[in-house]
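Working notes, structure below.
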Amino acid sequence: MTLPPRSPFAEPMAGNRARLLPWTSVMAGSLVTILPLGATLPLLPPMGLLMLLAWRLLAPLALRLWAPALLGFFDDLVSGQPLGSATLLWPLAYFLVDALEARSGVRDFWTTWAIATVAIALVLAGGRIVATPITAHVDIALAFQVVIAVFVFPLVARFVAWVDLRRVG
């Protein structure tokens with residue numbers, strides 16, 4: 001899929017709309033969890049987290065450093081996770097991405113995907129520790145959810161890149 005041509009002299013999006021677009025896209029990703037999908041296992045990837053990580057990795061200045069805490073709180077409200085779990089885990093993932101990105105000197109697709117994979121796995125594992133008892137047998141379902149989220153991330157990153165291209169002109 002290629003992007004349609006855009007005039008190099010086209011006006012970028014207005015300032016307020018351009019600043020709100022990353023926020024609304026992450027919040028829309030979090031709202032995916034309220035869709036009435038029938039499933040016996042929690043295999044739906046955390047779309048809000050994937051959107052947040054994609055914005056951080058592709059457009060680092062699109063969101064402020066304090067944004068993951070507020071967006072995580074919104075995700076906690078709509079997803080049914082214990083209140084405060086994503087509020088804590090999303091900023092930790094955001095800072096982990098910062099640290100891993102600073103250590104890695106190369107910026108390519110594979111590095112971005114590897115950094116996102118580590119962040120996704122750690123956030124989902126942390127959410128499992130917070131939300132379910134240790135004796136619960138949900139580790140196989142969690143592993144499937146991590147794998148699905150990791151394979152969905154490039155699609156989400158492609159969408160975020162397309163939105164960001166429209167946002168900044």
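Values quoted throughout were computed directly from the atomic coordinates according to the rules given, and no laboratory measurement underlies them. Nothing here was measured: the structure is a model prediction, and the numbers come from that model. Neighbour counts run over all protein chains shown; Cβ positions are idealised from the backbone, glycine included.
Using θ = phi - 60° in the Karplus curve 6.51 cos²θ - 1.76 cosθ + 1.60, the 3J(HN,Hα) couplings for segment 20-37 round to 7, 4, x, 4, 5, 5, 5, 5, 5, x, 5, 6, 4, 5, 8, 5, x, 9 Hz; x is entered for Gly and Pro.
Could you list log10 I(q)/I(0) for segment 82-144 at q = 0.21, 0.29 Å⁻¹, which the Debye formula gives when each Cα is one point scatterer? The computed values of log10 I(q)/I(0) come out as -0.86, -1.18.
The calculated 222 nm mean residue ellipticity attributable to helices in the chain amounts to -23000 deg cm²/dmol, summing -39500 (n - 2.57) over DSSP H runs of n ≥ 4 and dividing by all residues.
3J(HN,Hα) along segment 115-129: 5, 5, 4, 4, 5, 4, 4, 5, 5, 5, 5, x, x, 5, 5 Hz, from the Karplus curve 6.51 cos²θ - 1.76 cosθ + 1.60 with θ = phi - 60°, whole Hz, x for Gly and Pro.
For the listed peptides 141-152, 21-32, a ranking on the average number of other beta carbons within 10 Å per residue, highest first, reads 21-32, 141-152. Per-residue Karplus couplings for segment 50-66, computed as 6.51 cos²θ - 1.76 cosθ + 1.60 with θ equal to phi - 60°, are listed in order as 4, 5, 4, 5, 5, 5, 5, 7, 9, 9, x, 9, 6, 10, 6, 5, 8 Hz, Gly and Pro entered as x. Take every Cα pair under 8 Å whose residues are at least 6 apart in sequence, average their separation, divide by the length of the chain, and the relative contact order is 31 percent.
Panel note: the C-alpha atoms of the chain, placed on their principal axes, show extents of 59, 37, 32 Å (largest first). Charging the Cβ of each Asp and Glu at -1 and of each Lys and Arg at +1, and nothing else, the dipole of the chain about its Cα centre rounds to 400 debye. Each principal axis of the Cα cloud of segment 68-111 was taken in turn, and the coordinate range along them, longest first, works out to 37, 17, 13 Å.
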